[in-house]
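J.: The following block contains the structure, expressed as structure tokens.
The values are calculated or read from the model by the stated rules, or taken from the named source; none is laboratory data. Keep in mind that this is a model prediction, so the values were computed, not measured. Methodologically, a virtual Cβ is constructed for each residue, glycine included, from the backbone with ideal geometry; neighbour enumeration extends over all protein chains shown. Only protein heavy atoms, including side chains, enter the accessible area calculation; ligands, DNA and RNA are left aside. Shrake-Rupley method; radii C 1.70, N 1.55, O 1.52, S 1.80 Å.
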Amino acid sequence: MLFTIITCTYNAEAVLQRTLDSVARQGYADVRHVIMDGASTDATMAMVRKYESENRRHDIVVVSERDNGLYDAMNKALQLAKGDYVVFLNAGDMLHADDTLERMADKIGNNRYGVVYGDTDIVDAEGHFIAPRRLRPPEHLTWKSFRAGMLVCHQAFYANVDIARQTGYDVRYRLSADVDWCIRVMKEADAQGLPMLNTGMVLCDYLDGGMSVTNHRASLLERFSIMRRHYGLLTTIYKHVTFLFRSW
């Protein structure tokens, strides 16, 4: 079983090393790590090249070129994904434990899933644990589950590679295309009759204060549009009344 991990970077020298280290420490060998850099001007690429030369266990693919934003970079990276499942682990985020992928592979076994998912811990800028993510993954995930918010963190959402590549991110959205993408991936998995697996594991450590958090109001407006598109206006209005009083 091959996992593809995608890390999109731009001037990420302050937080990238722990992400690279968390992948390098994985004892599981069948990993492709795609690093899609947006032509960084700091030390990001020097760190990536050092990591590339030292990590002989995994298949590492590096691209550094200008892009049209984060979701454009993610779409380009998806075309380099191989294997069975793909996940996005951005600069500053970490796989939760050194045996995360190995344990996931054991749980998946010989089965084929549309999505494999789990829980998330929130960490600070130094990588120290803060708390479990407040929104928790449901035992049985469906595309309708996200009516209650993004119950599975993007970094703990492992999508079937074939579905992920054909779905792609909608680059009309600037802050919340990941929400839309996850919903569309789950819809396609349902259409193909592929189940979703809750690993019951903490899969990632998520860096507190990401892009959609620092742009919370704009993110909510995008999410309103996305949810209206998938779930209808009345459901979306009702749900967003509660969203105004909490952070995703």
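J.: Going by the structure shown, is Asp67 open to solvent by less than 60 Å² (accessible area, probe 1.4 Å) and under 14 Å from Ala39 (Cβ atoms)?
T.: yes
J.: In addition: Please enumerate the residues belonging to the range 169-198 that are assigned to a loop (DSSP other than H, G, I, E, B) and over 13 Å from the mean Cα position of the chain (by Cα).
T.: Result: Asp170, Val171, Arg172, Tyr173, Arg174, Leu175, Gln192, Gly193, Leu194, Pro195.
Conditions tested, residue by residue: (1) without any contact (Cβ under 8 Å) to a residue 12 or more places away in the chain; (2) aliphatic (A, V, I, L, M); (3) under 23 Å from Tyr10 (Cβ atoms).
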{"position": "His58", "(1), (2), (3)": "no, no, yes"}
{"position": "Asp93", "(1), (2), (3)": "no, no, yes"}
{"position": "Asn110", "(1), (2), (3)": "yes, no, no"}
{"position": "Gly127", "(1), (2), (3)": "no, no, yes"}
{"position": "Trp143", "(1), (2), (3)": "no, no, no"}
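J.: Among the listed residues Asp121, Asp106, identify the single one that is open to solvent by 30 Å² or more (accessible area, probe 1.4 Å), among the acidic types (Asp, Glu), at negative phi and at pLDDT 95 or above.
T.: Of Asp121, Asp106, the one residue that is open to solvent by 30 Å² or more (accessible area, probe 1.4 Å), among the acidic types (Asp, Glu), at negative phi and at pLDDT 95 or above is Asp106.
J.: Right, another one. Could you grab me the full set of residues in the range 134-176 that are among the charged types (D, E, K, R) and closer than 26 Å to Gly92 by Cα? Walk me through it before giving the result.
T.: To start, the set of residues in the range 134-176 that are among the charged types (D, E, K, R) comprises 134, 136, 139, 144, 147, 162, 165, 170, 172, 174.
Arg134, Arg136, Arg165, Asp170, Arg172, Arg174, listed by residue number.
J.: Can you give me the number of residues within the range 1-33 that are open to solvent by less than 50 Å² (accessible area, probe 1.4 Å), in a helix (DSSP H, G or I) and without any contact (Cβ under 8 Å) to a residue 60 or more places away in the chain?
T.: The number of residues fulfilling the criteria is 2.
J.: Output the number of residues of the range 124-149 satisfying the condition of being outside any helix (DSSP H, G or I), buried (at least 20 other Cβ atoms within 10 Å of the Cβ) and of a type outside the set (D, E, K, R).
T.: Residues in the range 124-149 being outside any helix (DSSP H, G or I), buried (at least 20 other Cβ atoms within 10 Å of the Cβ) and of a type outside the set (D, E, K, R): 2 in total.
J.: Checking Val152 against (1) of a type in the set (Val, Ile, Thr); (2) over 13 Å from the mean Cα position of the chain (by Cα); (3) not in a strand (DSSP E or B), only one condition comes out false. Which one?
T.: Single failed check for Val152: (2).
J.: Working only within the range 34-44, note down all residues that are farther than 16 Å from Phe88 by Cα and buried (at least 18 other Cβ atoms within 10 Å of the Cβ).
T.: Across the range 34-44, the qualifying residues are Ser40, Thr44.
J.: For the structure I just gave you, tell me whether Gly83 is open to solvent by 10 Å² or more (accessible area, probe 1.4 Å) and either under 22 Å from Asn198 (Cα atoms) or not charged (D, E, K, R) (or both).
T.: Taking the combined requirement at face value, the residue satisfies it.
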